[in-house]
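Enquirer: Can you read through this structure? Questions will come right after.
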Protein chains: 2
Amino acid sequence: MRNIKLTIEFDGTEFVGWQIQPGGLRTVQGVMTEAISRFTSAGMGGEDVKVTGVGRTDSGVHARAYVLNFLTTTNIPTEGFVKGLNAELPDDVFVKSAEDVSLEFNARRDAKKKTYLYRIVNSGHRRSPLERNRAWSVEEPLDIELMKEAAAVLVGKKDFTSFCAAGSCVSTFVREIFSFTVKDLGDGLIELEVSGGGFLKYMVRIMVGNIVMVGAGKLTIDELRTIIEARDREVASITAPSRGLYFKEVEY
Amino acid sequence: MRNIKLTIEFDGTEFVGWQIQPGGLRTVQGVMTEAISRFTSAGMGGEDVKVTGVGRTDSGVHARAYVLNFLTTTNIPTEGFVKGLNAELPDDVFVKSAEDVSLEFNARRDAKKKTYLYRIVNSGHRRSPLERNRAWSVEEPLDIELMKEAAAVLVGKKDFTSFCAAGSCVSTFVREIFSFTVKDLGDGLIELEVSGGGFLKYMVRIMVGNIVMVGAGKLTIDELRTIIEARDREVASITAPSRGLYFKEVEY
């Protein structure tokens, strides 16, 4: 038995997220499971592959280096997975690398640090054809210094109940944010980058939504602190759209 | 009679280019002409609008700030064109600004300086889902310093016959390139920017193709000079794909 770790890039626009859904909805896990099953079983009878991803992603969220693993009995050379799977996969998914790892490795359980990017277009326009599935177009001018301050307030080990989707079932709402930066890339492009040990459902998007409200002058830093302290899923109502969010990388 | 100048952004992926084509192919000029006709004639009977663009673009080429103009008798306020047309236009086209200009202004004839961008992904992978309609993925490592040298060789007033699509009918192949820069944006992204008084058919894409060949070590700077001097449409056979090309801006 072997354990294969893959790093993939995907455009999330045409997916309802990573996790397999009932009703035939298109998911990255579904597409990967199908491609891996077809590839590893070629001419040797089917293999029932179970693909474990680093975590769920929302519908429309992208990934630059998402990690997954699966057990297989095939003796295909490791490098063969890259070429072979890419030949099977559609345009919006691509295997960047493959690795043979120890049988104990689990892409979800062993993740130590996850990093997300969020892209915002802030050029005074309501929408941008070129960035329509790649970023959030915010029309009102954003104060990047204020956004940096807001992001800094969110760093640390905290109870993030206020930044969690309603209806999400977890045993604890405490998560640790290692860093949260806001960069002006020029030409109206703003890029946020957040690293943490783990994230609650919608947590990155709700944090980004609130940072943008601060940048737009609609929420003060003090009000943001009050939202954190409230530990109430109803107080932070602004969720940034999924199309601007990218799973950037994970460390094990 | 009024003359309206519009600046638009478009994602060229689903267009066969700017210019109206026979056979119902989807063009930016066609979509704009239809939207403007519908908008200016609302409730007042049809107006036969003729839309003039700054220039042709190839199928798949994008634009950040493409300029067009048209004559109209409507008394809609200038700002109304932005909101009104954007309400009519599909997701992949957007009017960024509208201006009333003198009746003599012609978007094509009066252009003094045009600037194009070309985006290349050079991260060691054959393709990138996220950049698949936005950049050219070049797998072999590119030497950016060599590419800068190659770009510099193309600057100036020259006979660009070697950089013109076969079958293109023009009275002279002499064009002036004002500047040609190559920038490393990090994360494997390379951006080329070229400004000139005007360009021949496929000229930017053939120039980029040859600069990439230099960067990949498959063409020397001396060989590039020989290609320019040859004034022969057959010698420079490499045309960069249209998906990486953006009409950036025009000065009048």
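The values are calculated or read from the model by the stated rules, or taken from the named source; none is laboratory data. Keep in mind the model is a prediction, meaning the values are calculated, not measured. For neighbour counting, all protein chains shown are included, and Cβ atoms are generated from backbone atoms with ideal geometry for every residue, glycine included.
Enquirer: Suppose we filter segment B:110-156 for residues that are assigned to a strand (DSSP E or B) and of a type in the set (Gly, Ala, Ser); how many remain?
Expert: 2
Enquirer: Looking only at segment B:121-138, count how many residues are modelled with pLDDT of 95 or more and more than 7 Å from chain A (Cβ to nearest Cβ).
Expert: Number of matching residues: 9.
Enquirer: Take the residues of segment A:77-90 that are of a type outside the set (S, T, N, Q) and in contact (Cβ under 8 Å) with a residue 60 or more places away in the chain: which is nearest to the other protein chains (Cβ to nearest Cβ)?
Expert: Across segment A:77-90, the extreme among qualifying residues is A:Leu85.
Enquirer: Out of the residues in segment A:91-109 meeting the condition of being more than 14 Å from every other protein chain (Cβ to nearest Cβ) and either in a strand (DSSP E or B) or under 15 Å from the mean Cα position of the chain (by Cα) (or both), tell me which one is farthest from A:Met207 (Cα to Cα).
Expert: A:Asp100
Enquirer: Among the listed residues A:Asn69, A:Asn3, which satisfies the condition of being away from chain B (no Cβ under 14 Å), out of contact with any Ser or Thr (no Cβ under 6 Å at 6 or more places or on another chain) and either surrounded by fewer than 16 Cβ atoms within 10 Å (Cβ to Cβ) or in a strand (DSSP E or B) (or both)?
Expert: Checking each option against the conditions leaves just A:Asn3.
Enquirer: Has segment B:28-40 got any residue that is buried (at least 18 other Cβ atoms within 10 Å of the Cβ), within 14 Å of another protein chain (Cβ to nearest Cβ) and under 21 Å from B:Phe199 (Cα atoms)?
Expert: Yes: one or more hits.
Enquirer: Given the residues B:Ile228, B:Ile211, B:Ile206, which is the only one that is under 16 Å from B:Phe173 (Cβ atoms), in contact with a strand residue (DSSP E or B) (Cβ under 9 Å, 6 or more places away or on another chain) and not assigned by TED's automatic domain parsing to the domain that holds B:Ala65?
Expert: Answer to the check: B:Ile228.
Enquirer: Hey, another quick one. Checking the condition buried (at least 17 other Cβ atoms within 10 Å of the Cβ), in contact with a helix residue (DSSP H, G or I) (Cβ under 7 Å, 6 or more places away or on another chain), assigned to a loop (DSSP other than H, G, I, E, B) and not acidic (Asp, Glu), which residue from A:Leu224, A:Leu200 passes? Don't jump to the end; show me each part of the working.
Expert: Details: A:Leu224 fails: assigned to a loop (DSSP other than H, G, I, E, B).
So the residue among A:Leu224, A:Leu200 that is buried (at least 17 other Cβ atoms within 10 Å of the Cβ), in contact with a helix residue (DSSP H, G or I) (Cβ under 7 Å, 6 or more places away or on another chain), assigned to a loop (DSSP other than H, G, I, E, B) and not acidic (Asp, Glu) is A:Leu200.
Enquirer: Also, quick follow-up: For the subset of segment B:8-27 comprising residues that are within 11 Å of chain A (Cβ to nearest Cβ) and β-branched (Val, Ile, Thr), which member is farthest from B:Glu88 (Cα to Cα)? Full working, then the answer.
Expert: Our first condition is that a residue be within 11 Å of chain A (Cβ to nearest Cβ); within segment B:8-27, this holds for B:8-15.
So of that shortlist, the ones also β-branched (Val, Ile, Thr) come out as B:8, B:13.
Details: B:Ile8: 14, B:Thr13: 19 Å.
The residue in question is B:Thr13.
Enquirer: List pairs: first residue in segment B:101-125 and in contact (Cβ under 8 Å) with a residue 40 or more places away in the chain, second residue among the basic types (Lys, Arg) anywhere in the structure, Cβ distance under 7 angstrom, at least six positions apart or on different chains.
Expert: Within 7 Å, the pairs are B:Val101/B:Lys5; B:Phe105/B:Lys5; B:Ala107/B:Lys5; B:Thr115/B:Lys248; B:Tyr116/B:Lys248; B:Leu117/B:Lys248; B:Arg119/B:Arg134.
Enquirer: Spot the failing condition for B:Val51; the list is (1) surrounded by fewer than 21 Cβ atoms within 10 Å (Cβ to Cβ); (2) at pLDDT 95 or above; (3) aliphatic (A, V, I, L, M); (4) touching a helix residue (DSSP H, G or I) at 6+ places or on another chain (Cβ under 6 Å), and only one is missed.
Expert: For B:Val51, the exception is condition (1).
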